[in-house]
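One structure is given here, and the rest of the page talks about it.
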Amino acid sequence: MCYDKIHHMKKLFFTLAAAIACIAGTAQSIEDIREDYAAAKEHIRLMDDPEYPPTNRYQVVLEKMLCGSGQHKETVTLYFYEDEENEGNPCSKRSVYFATVSYNFAARDYYEEYLYDKDGSVKFIYAKDIDSDDWSEVEYRFYLDKKGVIKTNVKRKRQGEENFTLEYGGKMGGYSKVFATYKGKASAYRNLFKTIDNSALY
């Protein structure tokens, strides 16, 4: 890779990192959240480039045999940024901004994403779930501000169908219990990040 390309990638990487570090903790619109989500995903994409060294993430992998469903594997990846003014300093403050979770039960695969603001509050949740009643795939998207959910989108793809179709688009509908489950998980993953970060040697 030539010097110009490396320099460009570094500039883009740190521009995105700065944007993520400056994510506002105040109320946001759905469009603001989508823009922050896109910036986070691009930041992660750059981190995954094997030719680009800076990587800020913690990953936990759990593997165990579950009674009734067999081998289970769960991978939790926590992406974080450092305080801009003290980047590289072992004592600088680190904050989680994005978490991905992938896991299985038997042959069924599940996936989740959590986007956090600078105060550690979750502001977007995506979850791909399986409905055990008819084994259809369900996608949940919850957009939040400091007061709570501002938008909920639910899409479903039944067995034999190729595409997801919109099942619900509104503030909450009948999905409050589903939301409470994922919001609880968002807090658990934020706490997991704090536990790992506090126990890290550097």
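The values are calculated or read from the model by the stated rules, or taken from the named source; none is laboratory data. These numbers were taken from a predicted model, which means no experiment stands behind them. A quick note on method: Cβ atoms are made from the backbone with ideal geometry, for glycine too, and the neighbour counts reach across all protein chains shown. SASA here: full protein model, heavy atoms, side chains in, ligands and nucleic acids out. Shrake-Rupley method; radii C 1.70, N 1.55, O 1.52, S 1.80 Å.
Candidates Ser102, Phe142, Ser121 compared by Cα position along the dipole of the stretch 101-147: farthest toward the positive end lies Ser121, with charges placed on Cβ. With a cut-off of 14 Å between beta carbons, the residues surrounding Leu192 carry a summed charge of +2, where Lys and Arg count +1 and Asp and Glu -1. Among the protein heavy atoms of the stretch 52-202, carbon and sulfur supply 48% of the accessible surface, probe 1.4 Å, non-protein parts ignored. What's the Cα-based Rg to Rh of the stretch 82-202, Rh via Kirkwood? Ratio of gyration radius to Kirkwood radius: 1.06.
For the residue pairs Lys41/Lys64; Lys41/Lys123; Lys151/Lys183; Lys93/Lys128, alpha carbon separations beyond 23 Å are given by Lys41/Lys64; Lys93/Lys128.
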